[in-house]
1. Of A:GLU53, A:GLU34, which residue is under 19 Å from A:ILE3 (Cα atoms), within 11 Å of DNA strand C (Cβ to nearest atom) and surrounded by 16 or more Cβ atoms within 10 Å (Cβ to Cβ)?
2. Could you check how many residues of the range A:196-208 are assigned to a strand (DSSP E or B) and either more than 10 Å from DNA strand B (Cβ to nearest atom) or out of contact with any Leu (no Cβ under 9 Å at 6 or more places or on another chain) (or both)?
3. Can you name the residue in the range A:17-30 that is near DNA strand B (Cβ under 6 Å from one of its atoms) and without any contact (Cβ under 8 Å) to a residue 40 or more places away in the chain and is also nearest to A:SER61 (Cα to Cα) among such residues?
4. Hey, any hits in the range A:217-226 for a residue that's within 18 Å of the chain's Cα centre (by Cα) and either in a loop (DSSP other than H, G, I, E, B) or within 12 Å of DNA strand C (Cβ to nearest atom) (or both)?
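Computed from the coordinates by the stated procedures, all read-outs in this text should not be read as laboratory data. Treat the numbers as computed from the prediction; the structure is a model and nothing was measured. No Cβ is skipped: glycine too gets one built from the backbone with ideal geometry, and neighbour counts run over all protein chains shown.
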Amino acid sequence: MDINQFIEKFKQIETKGFVKSMRRGPTGIGMTLESLLGIKENNISLPDLDGIELKAHRDNSMNLITLFTFNRGAWIMNPLEAVRKYGTLDKNGRLGLYFTMNFTPNSAGLYLFADNEAVSVRHINGDVLVKWNFNDLEDQFKRKVPALIIAYARTEYRGNDEYFQFYKAVLLKGTTKDIIRESIKNNIILIDLRLHDKGTMARNHGTGFRIYEKNLPLVFSNTEVIA
DNA sequence: GGTACCTGGAA
DNA sequence: ATTCCAGGTAC
């Protein structure tokens, strides 16, 4: 699907008003939008449209937007070992590492460290949990998010069912490969650990490289309302 | 069956 | 803004 096809279809979706979420939970909005557009769900780290990554975002949500995830070859420690050593109990009684990292140590003693080559998650005791080379991050960023469309929806609940009203789409483009390095060092792109102890393994939703919506213009030079 | 991606939040 | 968390699939 190219950009013009997207605009046509999205305008039709806008005319539908509130549509029922096709899946319960946080991911319902993205799955529903893709389904309405006729895009099949996948787990391929490529843009959804022709060279454009698609995001869906609920109004009144201050949450981070995930630009991409990256774990392959990055973990120095065994993830399950790291969870058990440094994790905190979640509301389900599981040990988890659910941290948006910073360059100063958090409550678990974990912090980010960056030099010219890589950024890593470390513990104040010296352990290096996971490390990403900037070159690899640049490649993944450029590969997954060469440009981005963010689709906005109002939401409401009818009983236990969530409904979405898509009403606006914004295209952001004009990113460069090397911007990720400075964005990470400046805490514009945030590193979000999202894994927990699932008994015999670490259930890892993928380390997210994430950004606040308001900061998106800092990694793209051009912003345009397209629908 | 585990890993690594995808899609995203609530308080 | 910070702390903590969700449902999916390919291989």
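1. One residue alone meets the criteria, A:GLU34.
2. Looking only at that region, the number is 2.
3. A:PRO26
4. Checked against the condition, which is being within 18 Å of the chain's Cα centre (by Cα) and either in a loop (DSSP other than H, G, I, E, B) or within 12 Å of DNA strand C (Cβ to nearest atom) (or both), the range A:217-226 yields at least one hit.
Conditions tested, residue by residue: (1) part of a strand (DSSP E or B); (2) within 15 Å of DNA strand C (Cβ to nearest atom); (3) surrounded by 15 or more Cβ atoms within 10 Å (Cβ to Cβ); (4) basic (Lys, Arg).
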{"position": "A:ALA151", "(1), (2), (3), (4)": "yes, no, yes, no"}
{"position": "A:VAL170", "(1), (2), (3), (4)": "yes, no, yes, no"}
{"position": "A:ILE184", "(1), (2), (3), (4)": "no, yes, yes, no"}
{"position": "A:ARG194", "(1), (2), (3), (4)": "yes, yes, yes, yes"}
{"position": "A:ARG210", "(1), (2), (3), (4)": "yes, yes, yes, yes"}
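The rows are residues; the columns are (1) in contact with a helix residue (DSSP H, G or I) (Cβ under 7 Å, 6 or more places away or on another chain); (2) within 15 Å of DNA strand C (Cβ to nearest atom).
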{"site": "A:HIS57", "(1), (2)": "yes, yes"}
{"site": "A:ASN60", "(1), (2)": "no, yes"}
{"site": "A:TYR98", "(1), (2)": "no, yes"}
{"site": "A:SER120", "(1), (2)": "no, no"}
{"site": "A:ASN125", "(1), (2)": "no, no"}
